[in-house]
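Enquirer: My questions will all concern the structure given below.
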Amino acid sequence: MVLYGEFSEIPKTLFFKRDHPSNSIRAYPTYRERIAWYDPAKKDQLYLTKWKWFLEYLRAIQSAPISLLEKFLCYVQMLQWISWNWLGLLKDLCKAITWPIIKLWIYLRDNKTQQPA
């Protein structure tokens, strides 16, 4: 949003963060569990979270109403983001490579529990 203009800070508290034992972060600790909670159709699907964030940041920069120089500087800043998130990006690539095996394991696990004894 900051790519679209200035932000102003309001010194008054307008929102309180609610923290309780059953909040979604605690109830669904992994990205995969949270994605399935938000959208059950995505359960047991490959979702490359860090790559999704990276591509969305690039898309936001590309579509922002800022000068070419400012866009260039934003893209340079994305190199810093990559240096902070390289491990997550690498893990996502490993997930993508091993996904067929994981999908097979999920299929076998689900069918094993559904078969009559």
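Enquirer: If you check L87, L46, L79, L55, which single one turns out to be farther than 30 Å from I102 by Cα and either more than 18 Å from the chain's Cα centre (by Cα) or of a type outside the set (S, T, N, Q) (or both)?
Expert: Numbers: L87 fails: farther than 30 Å from I102 by Cα; L46 fails: farther than 30 Å from I102 by Cα; L55 fails: farther than 30 Å from I102 by Cα.
Unique residue meeting the criteria: L79.
Enquirer: If you go through the stretch 5-61, how many residues are part of a loop (DSSP other than H, G, I, E, B) and either within 23 Å of K91 (Cα to Cα) or of a type outside the set (D, E) (or both)?
Expert: Going residue by residue through the stretch 5-61, those that are part of a loop (DSSP other than H, G, I, E, B) are 5-23, 28-30, 39, 43-48.
Next, from what is left, pick out any that are either within 23 Å of K91 (Cα to Cα) or of a type outside the set (D, E) (or both): 5, 7-8, 10-18, 20-23, 28-30, 39, 43-48.
Counting residues in the stretch 5-61 that are part of a loop (DSSP other than H, G, I, E, B) and either within 23 Å of K91 (Cα to Cα) or of a type outside the set (D, E) (or both) gives 26.
Matching residues to (1) surrounded by 13 or more Cβ atoms within 10 Å (Cβ to Cβ); (2) at pLDDT 85 or above; (3) of a type in the set (D, E, K, R):
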| site | (1), (2), (3) |
| --- | --- |
| R18 | no, no, yes |
| A36 | yes, no, no |
| L55 | no, yes, no |
| I61 | yes, yes, no |
| I66 | yes, yes, no |
| V76 | no, yes, no |
| W81 | yes, yes, no |
| W86 | no, yes, no |
| W99 | yes, yes, no |
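The values are calculated or read from the model by the stated rules, or taken from the named source; none is laboratory data. Fair warning: this is a prediction, and the values are worked out from it, not measured in the lab. Backbone-built Cβ (ideal geometry, glycine too); neighbour counts: all protein chains shown.
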